[in-house]
Amino acid sequence: MLELEGIDVFYGPSHVLHALTAHVEEGEVLALLGRSGAGKTTTLKTVMGWLRPRAGRIRWRGQDISHWESVRIARLGFAMVAQGRRVFPSLSVAENLGIALNPTSPWSLEDVYQLFPRLEERRYQAANTLSGGEQQMLSLGRALVRGPRVLLLDEPTEGMAPAIVQLTHQVVEMLREAGITVVLVEQNLAFALSLAARVAVMNKGQVVYEGRAQEFAAHRELQVQYLGVSTTGLRVGS
Ligand SMILES: Nc1ncnc2c1ncn2[C@@H]1O[C@H](COP(=O)(O)OP(=O)(O)OP(=O)(O)O)[C@@H](O)[C@H]1O
Ligand SMILES: [Mg+2]
C-alpha cells in the first residue's frame with residue numbers, strides 16, 4: 001500500500017497541500033479527481049520526491065519514503081507521466097523508448113511497436129516532429145517499457161482525440177491487468193470511472209471524498225457536490 005498521511009507542501013510561502021491524507025492499495029487504479037488548482041499535480045510530484053513535504057509521512061509497503069531522494073524513489077519502481085510535455089523532443093522515438101527501457105519490464109520495445117505501429121514507422125524521427133497523439137503514444141510506450149510498479153498518470157487524455165483516448169484506456173487496462181498500481185489524475189470523469197476501483201477527490205489541497213468508483217459513478221449528487229459536474233451512463237471499472 002502507498003499511504004500519504006498529513007502531508008503539507010509549500011511552493012515558497014504558498015501553502016498548497018494541507019494535511020493531505022490518502023492511500024492507494026497495491027494493484028489498484030485510483031482516480032485522483034478535483035477542480036483545476038486543487039493540488040493533484042503537486043500531490044503526484046510529492047510522491048515522486050520532486051517536492052518535499054514539510055510535514056507528514058509517505059509510506060510504501062510500510063516503509064517511510066517521505067525524505068528519500070527522487071532517484072531512490074524511481075528505483076523503487078515509481079514513475080510519472082507528466083501533464084503536458086512527456087517526451088524528449090530532440091531525441092528520436094527509438095531513443096526515447098531506449099532511455100526508458102528496463103529489461104525487467106513485462107513489456108518490450110516489440111510490444112510497444114505492436115501496440116502502436118505508428119511509432120515503429122516513425123522510430124528514427126525526432127519526437128518533436130510527432131503529432132500530439134503520436135507523442136502521447138510515445139509517452140505511454142515509455143511508461144510501459146519502464147516496467148513501473150507504481151505509475152502516476154497526470155491527465156493523460158487532456159486534449160487528445162477520441163482514438164487516442166481509446167488507446168490510452170487500453171494501456172491503463174493493460175497496466176491494471178498486470179497488477180501495476182496506478183494513480184490516474186483525470187478531468188474526464190467517464191474515462192476515470194471506467195478504469196478506477198476507487199476515487200479520491202481533492203479540493204484546496206485536501207482529500208475531501210474517498211470512495212468506490214462504483215458508488216461515485218452511481219451518485220450524480222456526489223459528482224455535482226465535489227466536482228461541480230456530473231455524467232450519466234458511465235461504465236465502471238473493477
Ligand atoms: N511552481 C509553483 N509555484 C507556485 N505555486 C504553484 C506552483 N505549481 C502549482 N502552484 C499552485 O498550487 C496549486 C495547486 O496546483 P496543482 O498544479 O497541483 O493543481 P492541479 O490540481 O494539478 O490543477 P490542474 O487540474 O489545473 O492541473 C495551484 O493554486 C497552483 O497555482
Ligand atoms: Mg495538474
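Side notes on the structure shown:
- All positions within region 9-30 that are within 13 Å of ligand 1 (Cβ to nearest atom) and in a strand (DSSP E or B): Val9, Phe10, Tyr11, Ser14, His15, Val16, Leu17, His18, Leu20
- Residue within region 51-66 that is within 16 Å of ligand 2 (Cβ to nearest atom) and crowded, with 17+ Cβ neighbours inside 10 Å present: yes
- Residue within region 8-17 that is within 16 Å of ligand 2 (Cβ to nearest atom) and in contact with an Asp or Glu (Cβ under 7 Å, 6 or more places away or on another chain) present: yes
- Of Phe78, Phe116, all but one fail to be out of contact with any strand residue (DSSP E or B) (no Cβ under 7 Å at 6 or more places or on another chain), among the aromatic types (Phe, Trp, Tyr) and closer than 18 Å to Pro156 by Cα; the exception is Phe116.
- Region 150-207, subset hydrophobic (A, V, I, L, M, F, W, C) and under 17 Å from Gly37 (Cα atoms), residue modelled with the lowest pLDDT: Leu189
- When every residue of region 41-51 is checked against the conditions, at least one turns out to be more than 11 Å from ligand 1 (Cβ to nearest atom) and either not in a loop (DSSP other than H, G, I, E, B) or not hydrophobic (A, V, I, L, M, F, W, C) (or both).
- Unmet requirement for Gln83, which otherwise passes all of (1) more than 13 Å from the chain's Cα centre (by Cα); (2) surrounded by fewer than 20 Cβ atoms within 10 Å (Cβ to Cβ); (3) not in a helix (DSSP H, G or I): (1)
- Selection within region 52-67: residues that are outside any strand (DSSP E or B) and in contact with a Leu (Cβ under 8 Å, 6 or more places away or on another chain). The member of this set that is nearest to ligand 1 (Cβ to nearest atom) is Pro53.
- Whichever residue in region 109-129 is surrounded by 14 or more Cβ atoms within 10 Å (Cβ to Cβ) and assigned to a loop (DSSP other than H, G, I, E, B) and, among such residues, is nearest to the chain's Cα centre (by Cα): Phe116
- Boolean, Arg142 is under 15 Å from Leu91 (Cα atoms), in contact (Cβ under 8 Å) with a residue 40 or more places away in the chain and either among the aromatic types (Phe, Trp, Tyr) or not in a loop (DSSP other than H, G, I, E, B) (or both): yes
- The C-beta contact set for region 183-195 (first residue part of a helix (DSSP H, G or I), second residue within 13 Å of ligand 1 (Cβ to nearest atom) and of a type in the set (S, T, N, Q), distance under 8 angstrom, 6+ apart or interchain) comprises Phe191/Thr157.
The values are calculated or read from the model by the stated rules, or taken from the named source; none is laboratory data. None of these values were measured; they are calculated from a predicted model. A quick note on method: Cβ atoms are made from the backbone with ideal geometry, for glycine too, and the neighbour counts reach across all protein chains shown.
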